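The values are calculated or read from the model by the stated rules, or taken from the named source; none is laboratory data. Please read these numbers as outputs of a predicted model, since none were measured by experiment. Note that each Cβ is placed from the backbone with ideal geometry, even for glycine, and that neighbours are counted across all protein chains shown. The protein model used for the area step is the full one, side chains on, heavy atoms only, and it has no ligands, DNA or RNA in it. Shrake-Rupley method; radii C 1.70, N 1.55, O 1.52, S 1.80 Å.
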Amino acid sequence: AESVRLRRAESGALQQLAPDGAALVDCRRMGGEPLDPPELDVTVPVGIGVSGRAVEQRAVSWTGDYLEDASFRHAAGTDGWITGRGYRSQMSAPLVAAAGPIGALTVYSPRANAFDADDAELLGALADQAAIAVANARLYEQLESSERRYRHLVENSPDTIWSATADGTITYLSETIERLSGWRPEELIGQHFGVLVHPDSRSRMTEEWTGLVDAAQPERVIRFHLRHRD
């Protein structure tokens, strides 16, 4: 929206690169017109049109007379979209993240030669900010998805999954602990794990735990008796 306002454009678009990196999809436009329904969105192959060229070259690209400009490759779908909206000028800046291009930020105008090199510099700066925002949003989405999968595995495991700090304070227990010990997880979190250890295993468990913490071994098998709530 700021790109549209600052460049005195008719409308703007944020396009995301498809997972296979072959085309710009999921066009979200701002200003001047409502968002098209998904079936009317135009897929722009990388290397085609102004936005496709911007992504391919990883540089801001523009034209002052889209349909008459032979400096970039045309396609029937993109040309038809431009014709239907009466646009002549278009400027696109690539969104580039650490792993490479992830999309394009584009502005349009019905005026001929509406954009220049100064506009390119500003749109490029805005695209850099947008790329950071999009990349962060994707990373957050991936993290949430990973956490959901992890929680599903933990909550549906027949084993008891637990964690504790180095001093033995319980920080997490899965629900299966109640089946094994009669204690609910919330009753044990914040307590020392010793509350779950039967007296006949306490000294050995303390020794094993000390060795585990000191050695920082990634895997250790410890056998001990649990103390049931009753």
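Of all the residues that make up the range 116-160, how many are within 25 Å of residue 176 (Cα to Cα) and out of contact with any Leu (no Cβ under 9 Å at 6 or more places or on another chain)?
The number of residues fulfilling the criteria is 16.
Among 137, 131, 104, which is the only one that is in a helix (DSSP H, G or I), touching a Gly at 6+ places or on another chain (Cβ under 9 Å) and at negative phi?
Unique residue meeting the criteria: 131.
Which residue pairs have Cβ atoms closer than 9 Å, lie 6 or more positions apart in sequence or on different chains, and pair a first residue in the range 128-153 that is closer than 30 Å to residue 92 by Cβ with a second residue that is assigned to a helix (DSSP H, G or I)?
Every condition considered, the pairs that remain are 130/3.
Filter the range 203-230 down to the residues that are part of a loop (DSSP other than H, G, I, E, B) and in contact with a helix residue (DSSP H, G or I) (Cβ under 7 Å, 6 or more places away or on another chain), then identify the one that is least open to solvent (accessible area, probe 1.4 Å).
This residue is 222.
Give just the number: which of (1) in a helix (DSSP H, G or I); (2) of a type in the set (S, T, N, Q); (3) modelled with pLDDT of 90 or more does residue 171 not satisfy?
Of the numbered conditions (1) in a helix (DSSP H, G or I); (2) of a type in the set (S, T, N, Q); (3) modelled with pLDDT of 90 or more, the odd one out for residue 171 is (1).
Could you tell me how many of the residues in the range 145-165 are at pLDDT below 90 and touching a helix residue (DSSP H, G or I) at 6+ places or on another chain (Cβ under 6 Å)?
Number of matching residues: 2.
Could you check the range 175-202 and list, in sequence order, the residues that are at pLDDT 90 or above and part of a loop (DSSP other than H, G, I, E, B)?
If the condition is that a residue be at pLDDT 90 or above and part of a loop (DSSP other than H, G, I, E, B), then 182, 183, 184, 189, 190, 191, 198 are the ones that fit.
Does residue 82 qualify as being under 26 Å from the mean Cα position of the chain (by Cα) and modelled with pLDDT under 95?
Numbers: under 26 Å from the mean Cα position of the chain (by Cα): no; modelled with pLDDT under 95: yes.
Against the criterion (under 26 Å from the mean Cα position of the chain (by Cα) and modelled with pLDDT under 95), residue 82 does not qualify.
Among the residues of the range 176-187, how many are farther than 13 Å from residue 228 by Cβ and open to solvent by less than 40 Å² (accessible area, probe 1.4 Å)?
Count: 2.
Of the numbered conditions (1) within 23 Å of the chain's Cα centre (by Cα); (2) surrounded by 23 or more Cβ atoms within 10 Å (Cβ to Cβ); (3) not in a strand (DSSP E or B), residue 56 satisfies every one except a single condition; which is it?
(2)
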